[in-house]
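Just so you know, all these numbers are worked out from the coordinates, no wet-lab data involved. Quantities reported herein were computed from a predicted structural model and do not represent experimental measurements. So basically every Cβ, Gly included, is an ideal-geometry build from the backbone, and we count neighbours across all protein chains shown.
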Amino acid sequence: MANDVPVPSAHEDLVALTLEAIVDLAPGGDERAPGAAVTQALCGELAGAAPAWEHSGPCRWPHNTAVAARAGTTLTVRVVAVCPSADQAYVQRLVDQTLAAGSLVGPTGHSEWMLLHAGPALPRPDERALAERLAATAP
């Protein structure tokens, strides 16, 4: 994949993926919901009661999801994930499917969005540094 970047770490086979999605958030939706859905897909159930958007335990595929830009209800969501190269296609597919599902019942209620576009992205310098930090937490 064009955006996979080897990550210096104790794990020799880790790559960092950078994915970008454009979503249209439904009225009343929480802009954190797409990222929380990605976390739920990659790490398991969200833990705790409102307003917690965290999960318990370590991530199998450490990642970070951020809203990079917002224009009205349109969000640019970027995901940086670290995984073994053998899991790369699966992790990308899981993120894509999760964002395409367009729904999450989270601590702040039910949020919906429509996926307008998703795909690999070139990592920004700050995302490369983030990937190195995430790799340090890889199981």
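Return the FRET efficiency for the residue pair residue 136, residue 85: r is the Cβ-Cβ distance, R0 is 30 Å, and the value is rounded to the nearest 0.05.
For residue 136 and residue 85, the calculated efficiency is 0.95.
Determine the gain in length on full extension of the stretch residue 20-residue 60; use 0.36 nm per residue of separation and subtract their C-alpha separation, reporting nm with one decimal. Could you put the intermediate results ahead of the total?
Details: separation 40, 0.36 × 40 = 14.40 nm, distance 2.06 nm.
Stretched out fully, the residue 20 to residue 60 stretch lengthens by 12.3 nm.
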